[in-house]
Ligand SMILES: Cc1ncc(COP(=O)(O)O)c(C=O)c1O
């Protein structure tokens, strides 16, 4: 549609619309000019970057990991993929709370495992309860995936909720990967904690996944990392050694600058996302037949469209989130992601990684279209 000159409001973006801060670009350019263009060594990440990650984990997360317990990858996605390849054998089950980031179940399957989807209900702010987790664990469970702040729901587990989950996890001794990629993007004063910080048992069981894409507007740079027990990290490094050979050398210099330099740009982006989050939340809840909990983290709103299902919008019968996304795109020129991609057909994901004016415009268009819903 865009290629045809149609003005589409895009709420589909999974990346910040900001540019990478200048000092980060500058460090990578300097590295390029200095000839830092050979194979990256070691595969786990250049020493200064792993040192910077180690210091960041201590500074922000109260986590103590030595550089040997850290593996840098070509994005959080590649880090998670390598981790699953390292840990999962055919027949293993992996607990994936729904709604989930689209790639988790596929990564599990690519490693020969079986995703065990557990529905985190909206009434509990899309958070898994300790009882649900306890009931889902069986003798085949190899791994539990936790993602807070969450894509697509924007939910953030409180320290108390994490402590309760940690108790269940410790009692079963099951490994966890904690995807904390949206960690810097939390609002309304909520406290963001890593489940790895809940005592020595969690430190042994949890592998932390994080990355620079979302916090520093560095999606195209492809830098993510894992921190965890050294036997897991060394297995991941072997996979990376025979697949990627490690992340691009000069990009790692930029990533080091991101973590060691001024964190002011992160705060500025967070403040801007927060402003847009409130505009989107207020406008969504003012729409007929749509309800949306206030997201506390990341940059997504997960809007409930259950009241539209089984009705007609602009003459189109709405059977689920795909139909709703199609009618929004075709009739209102608003792009959203259907919730079914994340394991919930009663929802749409709308990203607020776009300007406040575009958010107002897109939601006005949605409002107009929804007046025809009956
Ligand atoms: C929950 C979650 N984890 C991990 C990633 C991976 O991000 P990247 O590979 O850019 O680090 C994403 C990206 O959308 C995400 O939403």
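Couple of notes before you dig in:
- Crossing angle, helix 47-61 versus the chain [Cα axis fit, 0-90 degrees, rounded to tens]: 60 degrees
- Gaussian network model of the chain, springs between alpha carbon atoms under 10 Å - residue of 238, 38, 127 with greatest fluctuation: 38
- Over the chain, dividing the summed -39,500 (n - 2.57) contributions of all DSSP H runs of at least 4 residues by the number of residues returns a 222 nm mean residue ellipticity of -11500 deg cm²/dmol.
- Separation between Cα centres of segment 197-250 and segment 160-186, rounded to whole Å: 17 Å
- Between residue 330 and residue 158, the distance separating the two model label sites (each 7 Å from Cα on the Cα→Cβ line) works out to 4.5 nm.
- DSSP beta bridge pairing in the chain, given as percent antiparallel to the nearest 5: 50 percent
- Kirkwood-based shape ratio for the chain, expressed as Rg/Rh from alpha carbons: 0.98
- Sorted by Cβ neighbour density within 10 Å, fewest at the top, the residues 333, 26: 26, 333
- Considering only 78, 61, 316, the mean-square fluctuation computed in a Gaussian network model of the chain, springs between alpha carbons under 10 angstrom, is largest for 316.
- Axis angle, to the nearest 10 degrees, between helix 264-285 and the longest C-alpha principal axis of the chain: 30 degrees.
- Scattering profile of segment 1-129 at q = 0.09, 0.18, 0.23 Å⁻¹ [log10 I(q)/I(0), Debye over alpha-carbon scatterers]: -0.47, -1.21, -1.27
- Tilt relative to the chain, helix 230-241 - C-alpha long axis, 0 to 90 degrees, to 10: 80 degrees
- Taking the chain as a Gaussian network of alpha-carbon nodes connected by springs under 10 Å, the highest mean-square fluctuation of the residues 116, 257, 286 belongs to 286.
- Using C-alpha pairs below 8 Å separated by at least 6 residues, the relative contact order for the chain is 23 percent.
Each reported figure results from applying straightforward, stated rules to the coordinates on display, with no laboratory input. All of these numbers come straight from a predicted model, not from anything done at the bench. Heads up, the Cβs are rebuilt from the backbone with ideal geometry, glycines too, and the neighbour counts pull from every protein chain shown.
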